[in-house]
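K.L.:
This structure is in structure tokens; I'll ask about it shortly.
All of the numbers you see were taken from the coordinates with simple rules; none came from a lab. Since this is a predicted model, take the numbers as computed values, not measurements. Note that we place each Cβ from the backbone using ideal geometry, even for glycine, and neighbour counts take in every protein chain shown.
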Amino acid sequence: MEIEYLNLMLRYPILQDVENVPVKEEDIIKLETKIDKVFPKVYKEFLSIAGENANVIAFLNHGFYDSVRDDIYYLEEQQEVVKETLKEEGCSVGENFWVIADLDGGEQFHFFYFNDPDAEDPQNPPVYGSYIGYPLGNKHTITKLANTFQEYIEKKIKGYADLNQDNFS
């Protein structure tokens with residue numbers, strides 16, 4: 001896959017001692033077919049660079065493959081966990097979204113919308129955060145984390161690079 005958006009990610013294959021592990025392109029296509037959706041190009045790039053083990057969100061993401069069940073669709077299961085948590089808590093982020101990282105059983109998660117009307121480039125949509133009970137007590141908050149998925153990833157890389165005092169450019 002030709003990388004258009006996430007070239008910086010290619011330059012940082014290891015951050016915080018975590019190495020990026022790619023997902024096979026045919027597995028991305030199989031998942032798109034199964035869920036009957038087409039991922040934005042930037043997200044396909046992300047998966048093809050580091051979807052199995054992404055160093056920039058390693059602690060918020062469990063990867064693409066479920067090695068316990070030998071199933072390539074762990075990300076699909078992640079969607080269901082978050083949707084169930086939202087339902088249990090009486091919260092909503094709307095429809096047609098995709099979770100890219102979660103924490104605390106889906107009480108905190110980052111996501112993008114398929115066909116986001118606020119996206120300047122539909123192939124590089126904004127990224128949002130949903131927080132149930134955090135940081136404002138029992139409220140549910142949704143925050144725009146980045147204007148594009150590319151910006152979201154670059155902020156994370158810069159944060160890790162700054163921690164290690166690496167040169168970032």
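K.L.:
Measuring from label point to label point, each 7 Å out along Cα→Cβ, what is the Asp121 to Lys34 span in nm?
P.N.:
2.9 nm
K.L.:
Which residues in segment 113-130 have a backbone N closer than 13 Å to a point placed 7 Å from the Cα of Thr141 along the Cα-to-Cβ line?
P.N.:
129-130
K.L.:
If you don't mind, another one. Ranked highest first by the average count of other Cβ atoms within 10 Å around their residues, in what order do 39-49, 91-101, 9-19 fall?
P.N.:
Those peptides, ordered most packed to least, come out 39-49, 91-101, 9-19.
K.L.:
What pairs from Lys34/Lys87; Lys41/Lys83; Lys34/Lys158; Lys24/Lys139 go past 31 Å between their alpha carbons?
P.N.:
The answer is Lys34/Lys158; Lys24/Lys139.
K.L.:
Given H placed on each backbone N at 1.01 Å, which residues far from Ala146 in sequence or on other chains put an amide H within less than 5 Å of it?
P.N.:
Val127
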